[in-house]
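A.B. asks: Structure below; questions to follow.
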Amino acid sequence: MDEQKRKPTCNVARQCGGCSHIDVAYDEQLACKNARVRELFANEFPEAEIHPILGMDAPYHYRNKVTSPFAPGKRGPNGGREILTGMYAAGTHRIVQADGCLIENEQAQQVIRAIRQIMKRHKIEPYDEDRGTGFMRHAIVRVGHESGEILVTLVTNSDEFPASKSFCRELVKKCPFITTIVQNVNLRQTNVILGEKERRLYGPGFILDALCGLSFRISSQSFYQVNAVQTEVLYEQAMKLADLGAVQAAIDAYCGTGTIGLVAAKRGAASVIGVDSVESAIRDARENARHNGIENARFTAADATSFMCDAAETGERIDVVFMDPPRAGSTPEFLDALARLAPSRVVYISCNPETQVRDLRHLAAKGYRVREIRPVDMFPHTDHIETVVRLDLVEAR
């Protein structure tokens with residue numbers, strides 16, 4: 001049976017909530033998402049061309065980053081406690097016990113299971129978030145889609161990791177495809193998964209992966225899209241809408257580790273400036289530019305709104321602005337600054353079409369017209385929709 005048509009079952013789907021439409025045929029999911037995009041955009045921007053959503057050929061096991069908490073379970077007859085691992089139930093910190101997941105990378109799941117087995121063997125206690133006790137808090141496994149390299153981050157509740165060498169040796173023996181292992185220390189009683197202190201336990205401490213013909217270095221703290229297959233689709237759509245053959249200068253706002261800006265620099269933009277307020281992300285972006293030998297892109301750590309205002313004040317000419325804000329969308333201040341800068345085109349990537357529509361209204365009032373809307377299904381079996389929108393400056397106001 002065609003993989004798009006089959007409807008695999010998951011016995012914890014209702015408790016977990018991570019893929020609420022796993023029991024719906026994939027074609028039906030895409031049809032519903034198409035209808036949702038039209039409902040949001042068609043009446044607001046009747047002149048815009050709305051393309052059909054771009055789905056996946058194989059919409060299962062696509063998540064290349066798997067994060068699993070560890071927690072103590074019930075006591076057994078010998079006094080030992082079960083180790084719970086899996087995923088949190090939606091909106092809670094209650095762990096739904098699962099040894100498999102239809103949307104997570106299968107090798108990553110294998111690593112999580114192996115870690116739990118080794119913890120039992122070495123009598124390593126899982127973290128109890130109510131008491132703040134125990135050792136192993138989380139494991140995060142990142143898999144390079146093209147490279148196949150695998151990074152394992154063990155988040156611990158202590159700086160000391162007794163027998164770490166034997167732990168890693170046993171883990172690599174069980175999962176010989178692992179490339180590197182790092183320990184991340186998080187001593188705080190917090191919902192934030194990662195702490196600030198890290199040490200390399202095995203391998204180089206990072207992995208490399210290819211995206212849109214570029215190579216990216218990924219560490220435990222790096223932002224990197226969890227569905228690499230659809231990220232390439234998404235970025236290809238963004239590059240088409242940018243019309244890079246006519247671009248002399250571009251800004252990549254909210255640039256993160258620079259993926260969009262670097263792809264634009266490689267695809268024909270004469271110069272690209274990436275801006276983000278997170279300094280660690282900018283360090284990664286600069287490293288990625290060096291790593292790929294890209295000299296026509298530079299990255300700066302700054303508030304994007306202030307940066308755009310300064311560029312407008314100095315009369316800098318920008319042909320296109322890429323913007324990829326967080327789920328909450330952009331801010332009126334940023335959008336006003338963008339309008340003052342007056343690039344001829346804006347390519348707006350969003351993981352939340354509702355807030356994107358709000359921002360597009362704001363830009364329309366400043367003289368921009370929405371030309372094209374291209375939705376991409378980044379997260380099959382969920383409600384999430386990613387949309388790429390092109391706006392053209394018609395009249396500066």
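The values are calculated or read from the model by the stated rules, or taken from the named source; none is laboratory data. What you see is a predicted model, and the numbers here were worked out from it, not measured in a lab. As a convention, Cβ positions derive from the backbone with ideal geometry for all residues, glycine included, and neighbour counts pool all protein chains shown.
A.B. asks: Give A297, A250, A265 a once-over and let me know the one that is at pLDDT 95 or above, small (G, A, S) and under 15 Å from R390 (Cα atoms).
C.D. replies: A250
A.B. asks: Only one of I115, I140, I181, I150 is under 30 Å from S215 (Cα atoms) and in contact with a Cys (Cβ under 6 Å, 6 or more places away or on another chain). Can you tell me which?
C.D. replies: So the residue among I115, I140, I181, I150 that is under 30 Å from S215 (Cα atoms) and in contact with a Cys (Cβ under 6 Å, 6 or more places away or on another chain) is I181.
A.B. asks: Checking V346 against (1) touching a residue at least 60 places away in the same chain (Cβ under 8 Å); (2) among the hydrophobic types (A, V, I, L, M, F, W, C); (3) part of a strand (DSSP E or B): exactly one of these is not met. Which one?
C.D. replies: Only one criterion in (1) touching a residue at least 60 places away in the same chain (Cβ under 8 Å); (2) among the hydrophobic types (A, V, I, L, M, F, W, C); (3) part of a strand (DSSP E or B) is unmet by V346, namely (1).
A.B. asks: On to the next question. Any idea which of F161, F206 is over 30 Å from P375 (Cβ atoms), outside the structural domain of V263 (by TED's automatic domain parsing) and more than 18 Å from the chain's Cα centre (by Cα)?
C.D. replies: Of the residues listed, the single one that is over 30 Å from P375 (Cβ atoms), outside the structural domain of V263 (by TED's automatic domain parsing) and more than 18 Å from the chain's Cα centre (by Cα) is F161.
A.B. asks: Hey, another quick one. Looking at this structure, is H145 assigned to a strand (DSSP E or B) and either within 30 Å of K266 (Cα to Cα) or outside the structural domain of N288 (by TED's automatic domain parsing) (or both)?
C.D. replies: Considered against the rule, which asks whether it is assigned to a strand (DSSP E or B) and either within 30 Å of K266 (Cα to Cα) or outside the structural domain of N288 (by TED's automatic domain parsing) (or both), H145 comes out as no.
A.B. asks: Still on this model: Here are the criteria: (1) over 26 Å from S219 (Cα atoms); (2) in contact (Cβ under 8 Å) with a residue 12 or more places away in the chain. Tell me which single one A35 does not satisfy.
C.D. replies: (2)
A.B. asks: Looking at region 118-160, which of the residues that are farther than 17 Å from N191 by Cβ and small (G, A, S) is surrounded by the most Cβ atoms within 10 Å (Cβ to Cβ)?
C.D. replies: The selected residue is G144.
A.B. asks: Of these, T331, T387, which one is at pLDDT below 95 and either closer than 22 Å to Y235 by Cβ or of a type outside the set (G, A, S) (or both)?
C.D. replies: T331
A.B. asks: Looking at S344, is it under 15 Å from A250 (Cα atoms) and polar (S, T, N, Q)?
C.D. replies: yes
A.B. asks: Okay, next question. Taking into account only those residues within region 82-124 that are touching a helix residue (DSSP H, G or I) at 6+ places or on another chain (Cβ under 8 Å) and either in the same structural domain as T382 (by TED's automatic domain parsing) or part of a loop (DSSP other than H, G, I, E, B) (or both), which is modelled with the highest pLDDT?
C.D. replies: Checking each candidate, the answer is I124.
A.B. asks: Continuing with the same structure: Residue check: is S220 at pLDDT below 90 and either out of contact with any Gly (no Cβ under 6 Å at 6 or more places or on another chain) or not assigned by TED's automatic domain parsing to the domain that holds H291 (or both)?
C.D. replies: yes
A.B. asks: Conditions first: (1) at pLDDT below 95; (2) closer than 26 Å to I112 by Cβ. N43 passes all but one, so which condition is the exception?
C.D. replies: Every listed condition holds for N43 apart from (2).
A.B. asks: Within region 161-183, how many residues are modelled with pLDDT of 95 or more, in a loop (DSSP other than H, G, I, E, B) and exposed (fewer than 15 other Cβ atoms within 10 Å of the Cβ)?
C.D. replies: 2
A.B. asks: Would you check which residues across region 270-296 are assigned to a loop (DSSP other than H, G, I, E, B), under 18 Å from the mean Cα position of the chain (by Cα) and polar (S, T, N, Q) and list them?
C.D. replies: Residue satisfying the conditions is S277 alone.
A.B. asks: Turning to a different aspect of this structure: When the residues of region 297-332 are narrowed to those that are among the charged types (D, E, K, R) and surrounded by fewer than 17 Cβ atoms within 10 Å (Cβ to Cβ), which ends up nearest to the chain's Cα centre (by Cα)?
C.D. replies: This residue is R327.
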